[in-house]
1. Any residue in the range A:314-328 that is within 14 Å of another protein chain (Cβ to nearest Cβ) and either over 19 Å from the mean Cα position of the chain (by Cα) or touching a residue at least 24 places away in the same chain (Cβ under 8 Å) (or both)?
2. Taking the residues in the range B:4-19 that are surrounded by fewer than 18 Cβ atoms within 10 Å (Cβ to Cβ) and either within 30 Å of residue B:72 (Cβ to Cβ) or within 7 Å of chain A (Cβ to nearest Cβ) (or both) as candidates, determine which candidate is modelled with the highest pLDDT.
3. Just checking, which of A:75, A:80, A:71, A:45 is in contact with a strand residue (DSSP E or B) (Cβ under 6 Å, 6 or more places away or on another chain), at negative phi and either buried (at least 16 other Cβ atoms within 10 Å of the Cβ) or assigned by TED's automatic domain parsing to the domain that holds residue A:382 (or both)?
4. Answer yes or no: is there a residue in the range A:332-342 that is in contact with a helix residue (DSSP H, G or I) (Cβ under 9 Å, 6 or more places away or on another chain) and on the phi > 0 side of the Ramachandran plot.
5. Of everything in the range A:335-347 that's within 13 Å of chain B (Cβ to nearest Cβ) and either in a loop (DSSP other than H, G, I, E, B) or at pLDDT below 95 (or both), which residue is surrounded by the fewest Cβ atoms within 10 Å (Cβ to Cβ)?
6. Would you confirm whether any residue within the range A:349-359 is assigned to a strand (DSSP E or B) and either at pLDDT below 95 or within 11 Å of chain B (Cβ to nearest Cβ) (or both)?
7. Regarding residue A:234, is this residue within 14 Å of chain B (Cβ to nearest Cβ) and either in contact (Cβ under 8 Å) with a residue 60 or more places away in the chain or part of a strand (DSSP E or B) (or both)?
8. Report, by residue number, each residue of the range B:89-105 that is away from chain A (no Cβ under 14 Å) and either in a loop (DSSP other than H, G, I, E, B) or farther than 13 Å from residue B:155 by Cβ (or both).
């Protein structure tokens, strides 16, 4: 590998959790696609918020409430700048990607989608970009359709030409597959959706941690992502949407914070984004997400991407040398989410064996059951790389896989 | 259990493999995983049930044929990890010809074995199932080993006294 564009050892020291042994071995954390770890900057920002500035937001007439409101809104500004949003009002804080998609399905569905309408998804979507639409289809009589996945693990883009029609109301697609690691051409897909008069929602859960984002350039209408996969806290995520669309959409949940006025006869709504943030929000979570974004921007998403691309290439090469190991997904145009099967060792058995070597991976269907069925498998093992992983950790993974092979290929 | 990673079968395992792993994936377990006993379906079962572990996707369909108070025939279909599939294969070997009371007692005993009751490792009634004692050191895998017996419990009624409820997995994560 060429010299990394940033000091990996210094980055590793920023993440206190990485400095430990698991089952007597140095921790090798290869499960960041499920949830990344947090740098000290994020942990400190949350602690500082609770120690010095916590109160409820947008309603108090006292100093702490002013500070908390400033911190919360400052996080919104930070997110907006990070993803190239035109307007901070386009940033809605939610619990995570799942809630963001449910918000769109719940709100937009009510306003715009009816019987006979179609929602076009793909066979590689995470359950969180399938099930909310199934619930909507049940309520409205709309139909779901699914773009195919090629044997190499890419979307069959020709399907859009075949499946888009004047009945299509919304196109939903994941930016990066959480099983295959493939980066989808969402800009092109958004343009195709718009040509057909449909809106485009992008699930950015696996993309936001790794790719520099620019909402203006991407051209979609909704973009959803989670804080905890990009060094931020759990329980905080973002729905970005064009302001004009947000203004047109009815509220998702009702309660405090989201109203302009309430009488016993009815209510009027607050301006966006507050219209979609009913109740006391996850204030400390937003503060932590802001700190995570500042941390990532300090290193630079472009530098992170360059390093991860190198590391992923190295991992693909090393894993490719292991006889009996099969990697799913393409070799280029991808991130370091590496799903594989190995000999006849079931993914769960692999995970148990690797865990004994201090190596954390994920095993199972990764909330991708339709994709697994499409690939004709029940489960994969998944090792996922992030900015703090090293080639030595990839070597440790390969060595442990060899042990698993030996263990399962004893004379029986 | 063995001090080094030497298994009862006599094959010397690489010392880099922790002994707990060699105990977990014993040769007899891999043998049942690769050469399952009583796999298939019955033509006319009196009882059939399918259960899965939603967390990992392991699935077992258990069919039995009961005559009087004995289990005449037993077959299963299934997919999943070595622990879940070996355990159900081993279970079927002990069930053929067993009285329902014996089958319930077996289920209760096996659950206790998985929760670390060492004396049961010498209980011949458990047969090959004793090889799964190593699962007790891997609590997250206990539900794998119990999937087949969960099917059995579902088919032949109330668990015997003292049997712990099977663990249920947490919800999905991304």
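1. No, because not a single residue in the range A:314-328 is within 14 Å of another protein chain (Cβ to nearest Cβ) and either over 19 Å from the mean Cα position of the chain (by Cα) or touching a residue at least 24 places away in the same chain (Cβ under 8 Å) (or both).
2. Within the range B:4-19, the match that is modelled with the highest pLDDT is B:16.
3. Result of the check over A:75, A:80, A:71, A:45: A:80.
4. Scanning the range A:332-342 turns up no residue that is in contact with a helix residue (DSSP H, G or I) (Cβ under 9 Å, 6 or more places away or on another chain) and on the phi > 0 side of the Ramachandran plot.
5. Looking at residues that are within 13 Å of chain B (Cβ to nearest Cβ) and either in a loop (DSSP other than H, G, I, E, B) or at pLDDT below 95 (or both), I get A:344.
6. No: zero hits.
7. yes
8. B:90, B:93, B:94, B:96, B:97, B:98, B:99, B:101, B:102, B:105
The values are calculated or read from the model by the stated rules, or taken from the named source; none is laboratory data. Please read these numbers as outputs of a predicted model, since none were measured by experiment. In this analysis, Cβ positions are derived from the backbone assuming ideal geometry, glycine residues included, and neighbour counts consider all displayed protein chains.
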